[in-house]
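Here's the structure, in structure tokens; my notes come after.
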Amino acid sequence: MNITMASLSQQGERTSNQDQTGEVIGERAACFLVCDGVAGNSGGEVAARIARNTILAEFDGEQHLNPQFIRLYVNNANQAIRSEQKNDQDNSKMGTTLVSLFIDRDYHLAYWAHAGDSRLYLFRRGFLYQVTTDHSLIQQLKDAGHQTEGVSSNLLYFALGMGDERREASYSDVVPVEDGDAFLLCTDGFWHGVTQEQMQQSLQMVNTPQEWLTLMHQSLRKHGEASDDTQDNYSAIAVWVGQPQETTLIHTLAEAAQFFPLRD
């Protein structure tokens, strides 16, 4: 299975960039992840770095995917953050979001995990799907059918190092990967400034993952220039399987409607 990828991470207008990205592409499996240190509490960049380093150090790209191992990697990252909280009182409330994608290259399977409001999108057969559900207050209100006007989109009820210690990250089912799939992992600073329509339209205009990120980055910068809000840090990883640009426009809406549910 041919996999190509690109990544970006920008500080925005914050005093520091608390985001961390990383990947391992082995012969049999690949891992991609994006972490965003939770703002408002000190040590967000520390928590993001611990999560990133723990998972990448434990992941073995020379072995086939094992969903139980992946749960262990994420849980270990969570416990490593909580352990550091106890050792460092200055960072006792630090936390980080996580979105991670794992691909078995031999068996053409994907699996993902996330905590917080960093997201994973999948572009398949000409359509873009948000396949993670934010662990945020505003998402809970939406799910319950309540109005969300005036509610901060940054309030999280769970992230690694935060919330009930018994709570775990959210995990997908094991999903078959198709030639032409394009994945996007990104922080809230990224998806706040780039609409899903822009993500989809951008993919139809490019030939590489780097070009895709560059085009979306331009849209994000225009959004920032037109907004009065302080630009958050923003990071993203684009992962292509095969040649997505060759499958972008060949499938109909009827075909897409038959596609099995992906949202976790």
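Miscellaneous remarks
- Summed over all non-identical Cα pairs, the Kirkwood treatment of the stretch 99-206 gives a radius of 15.3 Å.
- Exposure rank, largest accessible area first [THR21, THR195; 1.4 Å]: THR195, THR21
- Peptides 183-194, 134-145 ordered by packing proxy, namely the average of other Cβ atoms within 10 Å per residue, highest first: 183-194, 134-145.
- For the stretch 1-109, with all protein chains in place and a probe radius of 1.4 Å, 40% of the accessible heavy-atom surface sits on carbon or sulfur.
- Accessible surface, per residue, of the stretch 1-254 when the full set of protein chains is kept, probe 1.4 Å, Å²: 45 Å²
- Accessible area of the stretch 158-215 belonging to carbon and sulfur atoms, whole % at 1.4 Å probe: 44 percent
- In plain terms, the bigger the Kirkwood radius, the slower the diffusion; for the stretch 20-127, with that radius from Cα pairs, at 20 °C and 1.002 mPa s, Stokes-Einstein puts D at 149 µm²/s.
- Shape analysis of the stretch 39-91 yields a ratio of the Cα radius of gyration to the Kirkwood radius, Rg/Rh, of 1.07.
- Taking PRO176, PRO209, PRO244 in turn, the Gaussian network model of the chain (Cα-Cα springs below 10 Å) assigns the largest fluctuation to PRO176.
- Using only the C-alpha atoms, the convex hull of the chain corresponds to 127 Å³ per residue.
- Rolled with a 1.4 Å probe across the full set of protein chains, the surface gives ARG167 an accessible area near 90 Å².
The values are calculated or read from the model by the stated rules, or taken from the named source; none is laboratory data. Since we're looking at a predicted model, the values are computed, not measured. All Cβ positions, glycine included, derive from the backbone under ideal geometry; neighbour counts span all protein chains shown. Remember, those area values only see protein heavy atoms, side chains included, never the ligands or the DNA or RNA. Shrake-Rupley method; radii C 1.70, N 1.55, O 1.52, S 1.80 Å.
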